[in-house]
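Some notes on the structure that comes next.
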DNA sequence: CACAATTCAATTGCGCACAACTCAATCAGC
DNA sequence: GCTGATTGAGTTGTGCGCAATTGAATTGTG
């Protein structure tokens, strides 16, 4: 009665493959910036507004301190961010951009175009995909 | 000019988030089977047809031997597969299901329904999402 | 046949992801 | 003010994911 599910019929595998392919397309461009994809995501958040605490970055990106703490140390080693204990709440660590970290945003401006060029989808399809994925992610999160 | 790249960056992050959310929804069900998500994907391929070489599994799943070799050893330790050197070509390692590995497919039949239930999307939307993701992945791969 | 090139699996090294835990700082109740 | 609960960051351990390398088996070419 219960049949073995088939790989190619599964939406979850399609998501898994597409996500890996997207980061693979970004990899060569991000290599030039000296960033990995998760590091790039952290920098994107900081370029929007900084400083941000580790907690805030985690909420924004869906990552916990087990992932972020060593990642942020690597960004600090690269000279892109600075980690400072908050004065008001000494439990918090505020992540500040360095001048070098701020300057990197200019070189990163062309990164997203890479995916647009490679996607092979119309702007309308991309917009619909984005919308569907957003609703899917929200529904999945509320199911956990 | 800054509009399209912005949208596409969001599509990339939307893929990353949706993929993580999907595996998070599967996690409790797969825990009951004693499998991780990538291990489940390998079992899906083997349930369709076996034995398969490490190379074939890698082509099917987009994974290399650096990922698959230790993963397959863990599946062997669990008693779900057996690794045998091929007689015709001694470079190849054929992955065979054990009786226990074959039996697990029955308990796995209900797994995909979990995502469908939690997705909050209509069957038509899920089908369209699957189609769009397939075309996106193909286009991205041809761009690497 | 010889032997260089290729193929296949395994290994090493690095960087996520995530669960489980520790520890200090803060807050809430009394 | 005290004390128990909570919060925030860090650490440890396990398992991917991928690049680069190794080494054995096979194939292609002269």
(request) Would you list the helices (runs of 4 or more DSSP H) that sit entirely within segment B:44-144 and hold 1 or more residues that are farther than 15 Å from residue A:12 by Cβ and over 18 Å from the mean Cα position of the chain (by Cα)? (result) B:65-77, B:99-108, B:123-142
(request) Sort out which residues of segment A:1-59 are within 10 Å of DNA strand D (Cβ to nearest atom), closer than 30 Å to residue B:49 by Cβ and free of Cβ contacts under 8 Å to residues at least 12 places away in the same chain, and write them in order of number. (result) A:16, A:17, A:19, A:20, A:21, A:24
(request) Working only within segment A:12-43, note down all residues that are outside any helix (DSSP H, G or I) and more than 11 Å from the chain's Cα centre (by Cα). (result) A:34, A:35
(request) Name the one entry in B:16, B:40 that is touching a helix residue (DSSP H, G or I) at 6+ places or on another chain (Cβ under 6 Å), more than 9 Å from every other protein chain (Cβ to nearest Cβ) and under 22 Å from residue A:136 (Cβ atoms). (result) B:40
(request) Kindly indicate whether residue B:79 is at pLDDT 95 or above and on the phi > 0 side of the Ramachandran plot. (result) yes
(message) Testing residue A:5 on (1) within 8 Å of another protein chain (Cβ to nearest Cβ); (2) modelled with pLDDT of 95 or more, one condition comes back false. Which one is that?
(response) (2)
(message) Just to verify a result, which residue in segment A:81-100, among those that are within 7 Å of DNA strand D (Cβ to nearest atom) and out of contact with any strand residue (DSSP E or B) (no Cβ under 8 Å at 6 or more places or on another chain), is nearest to residue A:71 (Cα to Cα)?
(response) A:91
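The values are calculated or read from the model by the stated rules, or taken from the named source; none is laboratory data. Please read all numbers here as calculations on a predicted model, not as lab measurements. Note that we place each Cβ from the backbone using ideal geometry, even for glycine, and neighbour counts take in every protein chain shown.
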